[in-house]
Amino acid sequence: MDIRAESAGDRDAIYHLTEIAFAPMPFSAGNEADCINRLRADGDLTLSLVAVEAGELVGHIAFSPVKLNGLADNWYGLGPVSALPGRQRTGIGSALIEHGLDQIRALGAHGCILIGDPAYYSRFGFRADGRVTYRDLPSELVQWLAFGSQTPSGVLTFSPGLE
Ligand SMILES: CC(C)(COP(=O)(O)OP(=O)(O)OC[C@H]1O[C@@H](n2cnc3c(N)ncnc32)[C@H](O)[C@@H]1OP(=O)(O)O)[C@@H](O)C(=O)NCCC(=O)NCCS
């Protein structure tokens, strides 16, 4: 499996992959594929990685800037992240998350924030402490990973393409 930055020729495949990966998920808003296109169009797709195996797109992850209390301070949102149905639970998602975190860190980010299942994201070091809030979501779903000594707090907003 090769993990690399997206190229223009990947865009339709990323859209399709994201659609079919999220379609069965009960929490899906049904707009995750459109969100990626909006982030890209707005210039907010800071990092977009694809996982490719034998010429087939089998995974994708997006990172975009977030704000805390309305201020951008080098924190990034992780997601959407997708692995091809039928290939899930074979390490694709983990590889994309680990590569993505390494690259965002290398860009000088303070860290990453996401909304997701703690049972999955805790293995990468994400944690929730209730000090970052997002709408009326339960605090345990709002998780962050700090790369340095700065820890996040406040009201989280994602880039407009994700809101
Ligand atoms: C979530 C997703 C990206 C993970 O990628 P993956 O390649 O399937 O995951 P990996 O193979 O790296 O990791 C597998 C592990 O993750 C766990 N896992 C996968 N999805 C999970 C989820 N939604 N919640 C909790 N655990 C999950 C599996 O139980 C497995 O754990 P184990 O190794 O202890 O058995 C993928 O399942 C997917 O595309 N899901 C649909 C879209 C989605 O839900 N995206 C994330 C929204 S927050």
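We did not get these values from a lab; they are worked out from the coordinates using the rules stated. Computed from a prediction, not measured in an experiment: that's the story for all the values here. Reconstructed Cβ throughout: ideal geometry from the backbone, glycine too, with neighbour counts over all protein chains shown.
If we scan segment 126-144, do we find a residue that is out of contact with any Cys (no Cβ under 9 Å at 6 or more places or on another chain), over 19 Å from residue 65 (Cβ atoms) and of a type in the set (Lys, Arg)?
Yes: one or more hits.
Only residues that are buried (at least 16 other Cβ atoms within 10 Å of the Cβ) and among the charged types (D, E, K, R): list them for segment 1-56, please.
6, 10, 19, 32, 38, 40, 44 - these are the residues of segment 1-56 that are buried (at least 16 other Cβ atoms within 10 Å of the Cβ) and among the charged types (D, E, K, R).
Do you know which residues across segment 7-45 are of a type in the set (D, E, K, R) and within 16 Å of the ligand (Cβ to nearest atom)? Show your work before the answer.
Kept after step one, since they are of a type in the set (D, E, K, R), are these residues of segment 7-45: 10-12, 19, 32, 34, 38, 40, 42, 44.
Of everything in segment 7-45, those that are of a type in the set (D, E, K, R) and within 16 Å of the ligand (Cβ to nearest atom) turn out to be 19, 32, 34.
Residues being crowded, with 20+ Cβ neighbours inside 10 Å and either in a helix (DSSP H, G or I) or within 15 Å of the ligand (Cβ to nearest atom) (or both): count how many of those fall in segment 129-142.
From segment 129-142, those crowded, with 20+ Cβ neighbours inside 10 Å are 132, 142; that's our starting set.
So of that shortlist, the ones also either in a helix (DSSP H, G or I) or within 15 Å of the ligand (Cβ to nearest atom) (or both) come out as 142.
Total meeting the criteria: 1.
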